[in-house]
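> One structure, as C-alpha cells, below. Some questions next.
What follows is calculated from the coordinates using simple rules that are stated; it is not laboratory data. A quick note: this is a predicted structure, and the numbers were derived from the prediction, not measured. No Cβ is skipped: glycine too gets one built from the backbone with ideal geometry, and neighbour counts run over all protein chains shown.
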Amino acid sequence: NAGVTQTPKFRVLKTGQSMTLLCAQDMNHEYMYWYRQDPGMGLRLIHYSVGEGTTAKGEVPDGYNVSRLKKQNFLLGLESAAPSQTSVYFCASSNLRASGITDTQYFGPGTRLTVL
Amino acid sequence: GQQVMQIPQYQHVQEGEDFTTYCNSSTTLSNIQWYKQRPGGHPVFLIQLVKSGEVKKQKRLTFQFGEAKKNSSLHITATQTTDVGTYFCAGRKTSGSRLTFGEGTQLTVNP
C-alpha cells in the first residue's frame with residue numbers, strides 16, 4: 001500500500017495563478033482532509049470530506065476550493081493564488097470506528113507551495 | 001470555537017534529559033491524539049487517549065489524559081537524538097467531529 005500520496009511535492013506560483021493539488025489514498029478511508037502548516041501555527045484545517053461527493057469547510061477555507069468526485073481522491077484548488085497562501089499543504093485520511101470515534105489520521109508527504 | 005493550546009513552543013535538551021509537553025483545551029474533549037513530525041517530514045500518529053485519567057506508555061514515552069478531559073501531556077524519559085521533531089496534540093470535542101491541532105512543541109536534543 002502506498003498510503004496517502006500527494007502531487008506535486010513542490011510548486012512555485014506567481015500571484016493570481018491557479019493550481020490544483022491532488023491527494024490520493026489507497027486505504028479505502030471515508031474521511032479526507034486538507035491542512036496547511038505555517039511556522040508556529042501548527043496544522044490548520046482548510047476543508048474536509050466525510051465521503052465521496054461531500055465536502056465541508058474547515059478552519060481556514062477562504063481562497064480554496066475542494067472536490068471529492070472519487071472516494072480515493074481529494075483535490076484542493078487555488079483559483080487565484082496569493083502570497084499569504086505560501087505554506088506546506090498536507091492531506092490526510094481516516095476512518096470512522098463503530099464506536100463513533102474517528103480513527104487515526106494518516107498524512108501524505110506534503111506539498112511545499114511558494115507564491116511570489 | 002474550540003482551542004487547543006500547547007506549551008512550550010520550543011524545548012532544547014541535552015541527550016539523556018527528560019522532556020514534557022503539555023496540551024490544554026478550552027472545552028472538554030472526547031479524545032485526544034498525539035502525533036510526531038520529524039524535520040522535513042509529515043505528522044505520524046503516536047497514540048490516542050479516550051478515558052478520563054488514562055495513562056499509556058510506549059517505551060520511553062508516557063501519555064496522560066487529565067481527569068477532566070481538558071488537558072494532556074507527553075513525557076519522554078532520557079531523550080535520545082532520535083526523539084528530535086515536533087510533537088502535536090490534537091483534540092476532538094465530540095465523537096466523530098474533526099480534530100483541532102495544537103501549535104506543536106519543537107524538541108531539539110543536543111548529543
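> According to the Cα gyration tensor, what semi-axes, each the square root of 5 times an eigenvalue, does the equivalent ellipsoid of the protein assembly as shown have, listed from largest to smallest in whole Å?
Sorted largest first and rounded, they come to 29, 21, 15 Å.
> Using Cα pairs under 8 angstrom and six or more residues apart, how large is the relative contact order of segment A:1-44, in percent?
It comes to 38 percent, rounded to a whole number.
> Taking 7 Å along the Cα-to-C-beta vector as the label spot, tell me the B:LYS57-A:THR20 distance in nanometres, rounded to one decimal.
5.1
> Also, I was wondering about something else. Would you mind computing, in nm to one decimal, how far apart the modelled labels at A:LEU69 and B:MET5 are, each placed 7 Å from Cα along Cα→Cβ?
Here the answer is 4.5 nm between the modelled labels.
> Using only the C-alpha atoms of segment B:51-99, find the volume of their convex hull and express it per residue in Å³.
On the way: hull volume 4.5 nm³, N = 49.
Roughly 91 Å³ of hull volume per residue.
> Right, here's the next one. So, in Å, what gap is there between the alpha-carbon centers of segment B:1-23 and segment A:8-34?
30
> Hey, another quick one. Shielding of B:98-107 by partners, i.e. mean partner chain Cβ atoms within 10 Å per residue?
5
> Next question, about the same structure. Could you run the Karplus curve 6.51 cos²θ - 1.76 cosθ + 1.60 with θ = phi - 60° over segment B:27-42 and give me ³J(HN,Hα) per residue in whole Hz, x for Gly and Pro?
10, 5, 9, 6, 7, 9, 10, 10, 10, 10, 10, 6, x, x, x, 10
> Which peptide among A:16-29, B:27-40 comes first, and what is the full order, when sorted by highest mean count of other Cβ atoms within 10 Å?
The peptides rank, most packed first, as B:27-40, A:16-29.
> Shifting gears a bit: What fraction of the DSSP beta bridges in the protein assembly as shown is antiparallel, stated in percent and rounded to the nearest 5?
The answer is about 90 percent antiparallel.
> Continuing with this model, one more query. Just grab the label-to-label distance for A:VAL88 and A:THR5, each label 7 Å out from Cα along the Cβ direction, in nm (one decimal).
The modelled label-to-label distance comes out at 2.1 nm.
> Across bins of 10 angstrom width beginning at 0, how are the C-alpha pair distances of segment A:1-54 distributed, in whole percent?
17, 45, 33, 5
> What does the convex hull of the Cα atoms come to per residue for chain B, in Å³?
So the per-residue Cα hull volume is 90 Å³.
> When DSSP beta bridges are limited to those with both residues in chain A, what percentage is antiparallel, rounded to the nearest 5?
90
> On the first, second and third principal axes, largest extent first, how far apart are the outermost C-alpha atoms of segment A:25-106 in Å?
41, 29, 20
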